[in-house]
Amino acid sequence: MATTLIQGGTVVTAVDTFLGDVLITGDKIAAIFDPKSTPPMKADLTIDAKGKYVMPGGIDAHTHMDMPFGGTNSSDDFETGTLAAAFGGTTSIVDFAIQAKGENLRKGLDTWHAKAEGVAAVDYAFHMIMTDVNDATAEEMGQVVKEGVTSFKLFMAYPGVLYADDGMIFRAMQRASELGALICMHAENGIPIDILIAQALKLGHTAPKYHTLTRPQIAEEEGTFRAICLAEMAGCPLYLVHLSAERALKRVVEARDRGLPTYAETCPQYLFLSDQDLARETGEYGAFEGAKFVCTPPLRPAYMQEELWRGLRTHDLQVVSTDHCPFCMKGQKELGRESFAKIPNGMPGVETRLYMLWDGGVRKGRISMNRFVEITSTAPAKLFGLYPHKGTIAPGADADIVVWDPEKKHTLSQKTLHMRVDYTPYEGQEVTGAPSHVLSRGKVVIENFTYKGKKGDGRFMRRATFGL
Ligand code: URP
Ligand code: ZN
Ligand code: ZN
């Protein structure tokens, strides 16, 4: 079996920071040595990590590759999206397989396996989006869980598309509780939102900025509280996806203070961007520039960002994932030129997450390095049944490792990023900190911004049931 020694670096896990030489045998971490007592050895490959941090590879628990939405498909597929993930230091993704309305779960899951198999650059797993919960599909959840898909997402938003009513949600939660599965919730009340959208359009309010004005934070707060209540009634753990609003966070804090198994993620766009970006009316696309920033829930007033950072520091929020759902401006976002409601919802981010969180989180003193590792890797691994194979640096774990150069400066630009989309929301931003090496199950896939892996290296990960 091939051996690799990562020598001279500082190992950073969610709890520890120490000098350590990491020995990899095959696809696993075999040992971690105190550098003073590393036995003499001739590894097949030695990586010099002096002055660098050795951290578990990122886990992005919320991506949408090749997702049909708004009359088009998200522009990254599993090949391009996982390659971009690897460039940015993310070695596992959990994507959302979709049950189409009126179809069974099997068909949705098979469709997603076919999209990913043989093309992914890094390991991948699936959550299952349920759009139809009935006796048959509730029963089917058991089979899906057996196959390692142990979390289910439901939508309180998007009536007529992905929306599930309270009865469906509650039924899925009851079944999740029996199966040890986790319910992920898009907690935003889409019924009044659709009325606000129709009213705005009637007044001729068609610009991208109306996306946030018609999705007020109270719609997210109400959805969050309702999801928490329904989950408490059903006795199942709940994970609120893409939490964006201060008032929604307060509901999560209350639930957690009461001891409920309530968890939540936020995303870089809610930490670094605001409704002012959505209101941009100058730039390459003129009055339509804001379309780049249309995602759901929408970008919020900037003051909420500090509340989210506080939540991350104090463990009220557990995870930062990306909700990577890119659409090109040309030919895709453009579908909404005449109406903000037709702009496909979503933003690119799978490649830029670690850059933004290191630069804007660790370097700015908002979170520690250990918390950085926890929210980008360890916590999602634990919540989604991947730990301890993924999410830490320890003997026996998969050798999914990022050797991180904390001083490496570079400028984020669509021209040099690898996501298949014609813009980045962070164009021109200089960041410090980047991976010098990314290893996926022991194999170097990225070295100094060069891809060394091959198409199809990534494997499907069967996840364990909820164990926290
Ligand atoms: O804007 C977003 N978030 N698009 C993807 C679908 C979802 O709601 O996660
Ligand atoms: Zn969502
Ligand atoms: Zn999403």
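If you add up the charges near Glu188, with Lys and Arg at +1 and Asp and Glu at -1, over every other residue whose beta carbon is less than 15 angstrom from its beta carbon, what do you get?
That works out to -3.
For Cα pairs less than 8 Å apart in space and 6+ apart in sequence, what is the mean separation divided by the residue count of the chain, i.e. the relative contact order in percent?
It rounds to 22 percent for the chain.
Once amide H atoms are built 1.01 Å from N in the peptide plane, which residues 5 or more positions from Ser436, or in another chain, come under 5 Å H to H?
Under 5 Å from the amide H of Ser436 lie the amide H atoms of Val403, Trp404, Asp405, each far enough along the sequence or on another chain.
When the expected Rg is taken as 2.2 N^0.38 Å, what fraction or multiple of it is the alpha-carbon Rg of the chain?
Expressed relative to 2.2 N^0.38 Å, the Cα Rg reads 0.94.
Out of residues 5 or more away from Ile129 or on other chains, whose amide H comes under 5 Å of its own, with H placed 1.01 Å from N in the peptide plane?
Ala97, Ile98, Gln99, Lys153
Using a Förster distance of 25 Å, how high is the FRET efficiency between Asp165 and Glu254, based on the Cβ-Cβ distance and rounded to 0.05?
It comes out at approximately 0.55.
What whole-number distance in Å separates the alpha-carbon centres of the range 389-424 and the range 327-385?
Result: 13 Å between the Cα centres.
For the pair Ala2/Lys28, report the inter-label distance in nm, with labels modelled 7 Å from Cα in the Cβ direction.
1.8 nm
How big is the antiparallel share of DSSP beta bridges in the chain, given as a percent to the nearest 5?
Percentage antiparallel, nearest 5: 50.
Within the set Lys415/Lys452; Lys52/Lys408; Lys364/Lys409; Lys250/Lys292; Lys115/Lys333; Lys28/Lys455, which residue pairs have Cα atoms separated by over 18 Å?
Exceeds cut-off: Lys415/Lys452; Lys250/Lys292; Lys115/Lys333; Lys28/Lys455.
Per residue of the range 282-292, what does 6.51 cos²θ - 1.76 cosθ + 1.60 with θ = phi - 60° give for ³J(HN,Hα)? Whole Hz please, x for Gly and Pro, Karplus curve as stated.
Per-residue couplings from phi come out as 10, x, 3, 9, x, 5, 9, 3, x, 4, 4 Hz.
By a straight-distance test (C-alpha under 13 Å), which aspartates and glutamates pair with Lys330 as possible cross-link partners, with residues fewer than eight away in the same chain excluded?
Lys330 reaches Glu284, Glu289, Asp422.
How big is the range 259-334 by the Kirkwood estimate over distinct Cα pairs, in Å?
So the Kirkwood estimate lands at 13.8 Å.
Work out the charge dipole of the range 57-383 with +1 on the Cβ of Lys and Arg and -1 on the Cβ of Asp and Glu about the Cα centre, then indicate which of Met141, His242, Ala255 is farthest towards its positive end.
Farthest towards the positive pole: Ala255.
Place a +1 charge on the Cβ of each Lys and Arg in the chain and a -1 charge on the Cβ of each Asp and Glu, then give the dipole magnitude about the Cα centre in debye, rounded to the nearest 20.
540 debye
Between Lys36 and Lys452, what length comes free when the chain is fully extended (0.36 nm per residue of separation minus the Cα-Cα distance, one decimal in nm)?
Result for the pair: 146.6 nm of gain on full extension.
Starting from the Cα of Lys36, draw a straight line to each of the aspartates and glutamates and keep only those under 20 Å, dropping any in the same chain fewer than 8 residues away.
In chain and number order, the partners are Asp16, Asp21, Asp48.
Counting helices only, and only those DSSP H runs with n ≥ 4, report the 222 nm mean residue ellipticity of the chain as the sum of -39,500 (n - 2.57) divided by its residues, in deg cm²/dmol to the nearest 500.
-8000 deg cm²/dmol
Amide H of Thr150 versus every other amide H placed in the peptide plane: which residues, excluding those fewer than 5 positions away on the same chain, fall under 5 Å?
HN-HN under 5 Å from Thr150: Arg463.
No lab work stands behind these numbers, since they all come straight from the coordinates. It should be emphasised that the depicted structure is a prediction, and the values quoted were computed from it without experimental measurement. Neighbour counts run over all protein chains shown; Cβ positions are idealised from the backbone, glycine included.
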